[in-house]
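So the structure is just underneath, and the comments pick up after that.
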Amino acid sequence: MSASGSAASGVPHVDVDPFDMKFFADPYPAHELLRETGPVVYLDKWKLYGVARYAEVHAVLNDPATFCSSRGVGLSDFKKETPWRPPSLILEADPPEHTRTRAVLSKVLSPTVMKGLRDRFAAAAEHLVDVLLDKRSFDAITDLAEAYPLSIFPDALGLKPEGREHLIPYASVVFNAFGPPNELRQEAIARSTPHQAYVTDQCQRDNLTPGGIGACIHAHVEEGAITATEAPLLVRSLLSAGLDTTVNGIGAAVYCLARFPEQWKLLRGDLTLARNAFEEAVRFESPVQTFFRTTTREVELSGATIGEGEKVLMFLAAANRDPRRWDKPDSYDITRRTSGHVGYGSGIHMCVGQLVARLEGETMLSALARRVAGIEITGEPRRRFNNTLRGLDSLPVTIIPA
Ligand code: OVV
């Protein structure tokens with residue numbers, strides 16, 4: 001891992017593979033190297049530009065005409081390669097097409113819809129904490145971070161009970177597929193057929209329970225906002241992005257609160273901090289570590305010239321700990337002003353499901369803090385490796401009843 005020579009374009013080259021197991025195991029020294037080498041860097045290993053400072057990540061996210069999404073937000077350029085699945089109509093789209101599909105998903109995930117979900121989410125969180133208090137010792141990933149979203153989100157969408165075991169594996173393929181053609185990506189896609197078959201089937205109108213969020217998306221066909229062919233693909237976006245992300249977000253929050261007991265005490269003393277404790281975990285761990293854009297023209301960014309049709313990798317996680325933007329960036333502080341973090345992105349593509357994520361995070365942390373005096377890590381946490389998502393596979397804990 002090192003920074004070396006400067007290309008004619010004025011961009012320093014960095015010898016870092018951000019999709020390597022060693023990088024995933026401890027990305028922080030590499031994030032620092034990427035930030036300190038320059039505002040824009042070039043990664044020879046995968047022939048891509050990178051931005052790791054807050055200012056440049058924010059700038060790229062907020063110039064979607066220059067840094068487009070329609071050529072894919074992974075390393076693969078959809079103009080040069082066939083995508084592994086039909087492109088997302090929201091994530092992998094630019095205005096004006098994006099504007100129309102985004103409006104539909106914004107409506108079905110609106111504050112009003114959250115009001116209708118809150119009591120159910122809160123009751124499910126309380127119930128799960130009851131179950132976990134009975135166990136005392138459990139795995140905070142499988143038994144909590146996965147179990148909680150699985151107990152509410154598929155029902156909120158209106159999925160039938162059968163086959164839900166495909167949901168996390170499918171999302172894992174989706175997020176691995178944004179990465180380069182390494183073993184993680186190739187293996188994930190190779191094993192994806194049954195998961196894809198399940199998801200494609202569940203997106204059809206007849207397979208979605210009336211009243212659920214999936215059915216609400218299909219209802220927008222009658223209003224003329226989207227076509228009957230587009231509706232299933234928009235449901236697919238929620239199946240792709242709505243579960244594994246919150247699993248890793250809730251996992252991150254529990255991992256933070258277990259490692260930093262003074263923050264746990266603060267939360268227990270003031271339950272209104274639950275929502276910000278979750279938000280700070282999203283900043284601190286950045287469950288979604290990276291996304292790409294593709295340049296639509298030659299562009300100058302902070303003195304660097306990037307040609308047309310280049311892939312630019314945004315290190316969201318590095319931006320979220322950039323000391324140029326954050327005081328004590330490496331401290332998990334639930335009283336911090338977290339607004340402006342890019343864990344959900346920024347600009348026109350900023351996470352359309354962020355209210356669902358926050359509602360899940362807030363209800364779970366507040367249920368835990370109400371009933372649990374302490375969370376003790378009792379075994380070695382095991383990391384889960386993914387080209388885009390950061391999180392654990394296993395976190396053995398024991399909880400102390402309040
Ligand atoms: C934000 C995100 C991640 C993965 C998939 C999608 C969106 C999608 O729209 O399919």
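The values are calculated or read from the model by the stated rules, or taken from the named source; none is laboratory data. Just so you know, these numbers come straight off a predicted model, no measurement behind them. Neighbour counts are summed over all protein chains in view; Cβ atoms, including those assigned to glycine, are modelled from backbone coordinates with ideal geometry. Only protein heavy atoms, including side chains, enter the accessible area calculation; ligands, DNA and RNA are left aside. Shrake-Rupley method; radii C 1.70, N 1.55, O 1.52, S 1.80 Å.
When the Debye formula is applied to the Cα atoms of segment 288-402, each taken as the same point scatterer, what base-10 log of I(q)/I(0) results at q = 0.10, 0.20, 0.21, 0.23 Å⁻¹? The calculated log intensity ratios at q = 0.10, 0.20, 0.21, 0.23 Å⁻¹ are -0.47, -1.42, -1.46, -1.47.
Both radii are taken from the alpha-carbon atoms of segment 130-266; with Rh as the Kirkwood radius, Rg/Rh is 1.05. Label sites at T398 and K45, each approximated as a point 7 angstrom past Cα along Cα to Cβ, lie 3.9 nm apart. Computed on segment 204-352, with alpha-carbon pairs under 8 angstrom and 6+ residues apart, the relative contact order is 19 percent. Both the radius of gyration and Dmax for segment 1-144 are 21.3, 63 Å, in that order, over alpha-carbon atoms. Computed over the chain with a Gaussian network model linking Cα atoms closer than 10 Å, the most mobile of I90, I213, I348 is I348.
From Cα pairs below 8 angstrom and at least 6 apart in sequence, can you work out the relative contact order of segment 288-380, rounded to a whole percent? Computed over segment 288-380, the figure is 20 percent. Over the chain, with every protein chain in place, what whole percent of the accessible area is carbon and sulfur at 1.4 Å, could you tell me? So the carbon and sulfur contribution to the accessible surface is 54 percent. Using a simple spin-label model with pseudo-atoms 7 Å out from Cα toward Cβ, A373 and A190 lie 5.1 nm apart. Measuring from a point 7 Å past the Cα of K265 along Cα-to-C-beta, which residues in segment 361-402 have an amide N at less than 15 Å? Hits in segment 361-402 for K265 at 15 Å: 373-375. Within the same chain, lysines fewer than 8 places from K135 are excluded, and of the rest, those with a Cα less than 29 Å from its Cα are K160, K265. Calculated accessible area for the chain comes out at 40 Å² per residue, all protein chains present (probe 1.4 Å; ligands, DNA, RNA ignored).
Each principal axis of the Cα atoms in segment 256-347 has its own extent, and those three values, largest first, are 53, 21, 20 angstrom.
Calculated [222 nm] ellipticity per residue, helices only, for the chain: -13500 deg cm²/dmol; basis is -39500 (n - 2.57) per DSSP H run with n ≥ 4, divided by all residues, nearest 500. Here segment 114-178 was treated as a single set of alpha-carbon atoms; its pair distances binned every 10 Å from 0 give 18, 43, 33, 6 percent.
Using the structure shown, list the pairs from K79/K107; K80/K311; K79/K311 with a Cα-Cα distance above 19 Å, or answer none. Distance filter (> 19 Å) returns K79/K107.
Compute the relative contact order of the chain as a whole-number percentage, counting only Cα pairs closer than 8 Å that sit 6 or more residues apart in sequence. Result for the chain is 25 percent.
Sorted on the mean count of surrounding Cβ atoms within 10 Å across their residues, most packed first, peptides 123-135, 240-252 read 240-252, 123-135. Computed as a quarter of the hull surface, the mean projected area of the alpha carbon convex hull for segment 19-65 stands at 3.8 nm².
Ignoring aspartates and glutamates fewer than eight residues from K45 along the same chain, the ones with Cα atoms less than 12 angstrom from its Cα are D15, D17, D20.
Considered as an equivalent ellipsoid built on the Cα gyration tensor, the chain has semi-axes of 32, 28, 19 Å, the largest given first.
For segment 153-203, the alpha carbon convex hull comes to 73 Å³ per residue, rounded to a whole number.
For the pair R383 and M114, label points projected 7 Å from Cα toward Cβ lie 3.2 nm apart. Between E162 and R324, the contour length at 0.36 nm per residue exceeds the Cα-Cα span by 53.5 nm.
Under 20 Å between alpha carbons, and skipping anything fewer than 8 positions from K115 in its own chain: which aspartates and glutamates qualify? Excluding near neighbours in sequence, the set is E126, D155, E279, E360, E362. Centroid-to-centroid, using Cα positions, segment 139-176 and segment 97-129 are 16 Å apart.
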